[in-house]
């Protein structure tokens with residue numbers, strides 16, 4: 001089975017063949033730009049553009065007014081002031097699938113963050129921070145505790161539990177306060 | 001790159017001051033436009049005048065062409081409006097062709113067109129061209145004739161033709177090119193063109 005997708009590269013010196021495909025809109029972007037870059041300075045390419053347009057029209061039964069019309073039109077166009085109005089660059093419109101992909105990514109990220117983050121209790125954290133700050137007030141020159149969290153942990157020892165066995169998940173109340181505290 | 005994209009590229013060049021790029025668009029579309037206008041105006045010389053005016057108007061209006069529609073669609077609207085204005089100014093009645101028919105130039109009864117729009121000279125030329133094209137197509141090797149027919153008459157893409165003819169797309173491209181060259185060679189003596197420089 002012969003692959004119909006196979007690309008056969010024609011030598012570019014066969015510019016006429018490329019013009020034929022260009023007229024049919026059958027070149028990819030790079031090829032089309034390459035051929036278009038030869039217009040309108042390449043006289044042979046321009047002539048083929050005219051010829052193949054005529055052949056196409058003639059096959060559809062339209063061949064009137066070819067030579068005389070173009071000569072007359074060119075004379076009229078010469079008298080026209082040259083238009084100078086470059087087209088604004090087109091805004092790139094993201095394809096619809098990009099929006100879908102972006103939404104899916106957003107959902108995935110949100111889910112990951114939501115499930116990975118530890119349970120958050122804002123008020124507890126705030127109270128703890130205030131407690132630490134309050135306990136950290138000491139006279140100038142006093143030695144800071146070795147572990148700055150110790151006062152906080154000591155104050156919250158009633159809430160501290162340790163898992164002592166698995167899988168029964170038996171918890172036991174422990175004390176962080178040492179005998180000398 | 002589609003035909004519409006190629007037209008847009010040429011429009012862009014014309015808007016950058018390259019009149020010859022606009023000429024390529026005129027080369028491509030003037031016969032099609034004249035066929036359209038022939039359904040509204042019966043006299044061939046008037047058709048050519050209106051076609052020229054249409055293209056000049058289009059050239060002046062290039063800064064307003066946004067590229068949202070195909071170039072020919074845009075040109076078509078200018079052509080129809082120009083013809084209507086022309087007929088209105090001449091206080092002539094348009095032929096009784098419905099707007100729907102004018103909106104689809106392939107559906108119009110060709111007999112209306114053939115009635116009396118052509119001068120004897122243009123009719124002779126059209127006849128000669130038609131005969132030359134028929135002879136050229138008949139003389140083509142079968143694979144070239146099939147390829148050009150599928151493309152021009154059936155409007156198939158190269159890929160579709162390749163599938164039907166069981167050959168690579170490059171072969172289709174080459175066959176269509178060779179068929180066009182052969183037909184153009186038959187037409188050049190009649191139309192007095194050489195196939196060489198047009199500039």
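Being touching a helix residue (DSSP H, G or I) at 6+ places or on another chain (Cβ under 9 Å), surrounded by fewer than 20 Cβ atoms within 10 Å (Cβ to Cβ) and at pLDDT 90 or above is the requirement here; does residue B:20 meet it?
Values: touching a helix residue (DSSP H, G or I) at 6+ places or on another chain (Cβ under 9 Å): yes; surrounded by fewer than 20 Cβ atoms within 10 Å (Cβ to Cβ): yes; at pLDDT 90 or above: yes.
Criteria met by residue B:20.
Out of the stretch A:19-34, which residues are more than 31 Å from the chain's Cα centre (by Cα) and more than 7 Å from every other protein chain (Cβ to nearest Cβ)? Explain how you work it out, then say what you get.
Step one: of the stretch A:19-34, the residues more than 31 Å from the chain's Cα centre (by Cα) are A:19-24.
If the condition is that a residue be more than 31 Å from the chain's Cα centre (by Cα) and more than 7 Å from every other protein chain (Cβ to nearest Cβ), then A:19, A:23 are the ones that fit.
I'd like the full set of residues that are part of a loop (DSSP other than H, G, I, E, B) and under 21 Å from residue B:151 (Cα atoms), limited to the stretch A:20-72.
Within the stretch A:20-72, the first condition is being part of a loop (DSSP other than H, G, I, E, B), and the residues that meet it are A:24-28, A:37-42, A:60-66.
Those that are part of a loop (DSSP other than H, G, I, E, B) and under 21 Å from residue B:151 (Cα atoms): A:24, A:25, A:26, A:27, A:28, A:60, A:61, A:62, A:63.
Is it true that residue B:163 is assigned to a helix (DSSP H, G or I), modelled with pLDDT of 95 or more and within 9 Å of chain A (Cβ to nearest Cβ)?
On the way: assigned to a helix (DSSP H, G or I): yes; modelled with pLDDT of 95 or more: yes; within 9 Å of chain A (Cβ to nearest Cβ): yes.
Answer is yes for this residue.
Among the candidates B:56, B:148, which residue alone is assigned to a helix (DSSP H, G or I), at pLDDT 95 or above and surrounded by fewer than 20 Cβ atoms within 10 Å (Cβ to Cβ)? Lay out the reasoning, then the answer.
Numbers: B:148 fails: surrounded by fewer than 20 Cβ atoms within 10 Å (Cβ to Cβ).
Just one listed residue meets the conditions, B:56.
I need the full set of residues from the stretch B:36-48 which are in a helix (DSSP H, G or I), more than 23 Å from residue A:46 (Cα to Cα) and in contact with a helix residue (DSSP H, G or I) (Cβ under 8 Å, 6 or more places away or on another chain), in order please.
Filtering the stretch B:36-48 for residues in a helix (DSSP H, G or I) gives B:36-38, B:44-48.
Of the ones still in play, those that are also more than 23 Å from residue A:46 (Cα to Cα) are B:36-38, B:44-47.
Listed by number, the residues that qualify are B:36, B:37, B:38, B:44, B:46, B:47.
Of the residues that sit in the stretch B:30-51 and are within 8 Å of chain A (Cβ to nearest Cβ) and without any contact (Cβ under 8 Å) to a residue 60 or more places away in the chain, which one is farthest from residue A:24 (Cα to Cα)? Explain how you work it out, then say what you get.
Of the stretch B:30-51, the ones within 8 Å of chain A (Cβ to nearest Cβ) are B:30-32, B:34-35, B:44, B:47-48, B:51.
From what's left, without any contact (Cβ under 8 Å) to a residue 60 or more places away in the chain: B:30-31, B:34, B:48, B:51.
Details: B:30: 17, B:31: 17, B:34: 21, B:48: 26, B:51: 24 Å.
For the stretch B:30-51, the residue satisfying everything is B:48.
The values are calculated or read from the model by the stated rules, or taken from the named source; none is laboratory data. As the structure is a prediction and not an experimental result, all values here were calculated from the model. Using ideal geometry, Cβ is built from the backbone for each residue, glycine included, and neighbour counts are taken over all protein chains shown.
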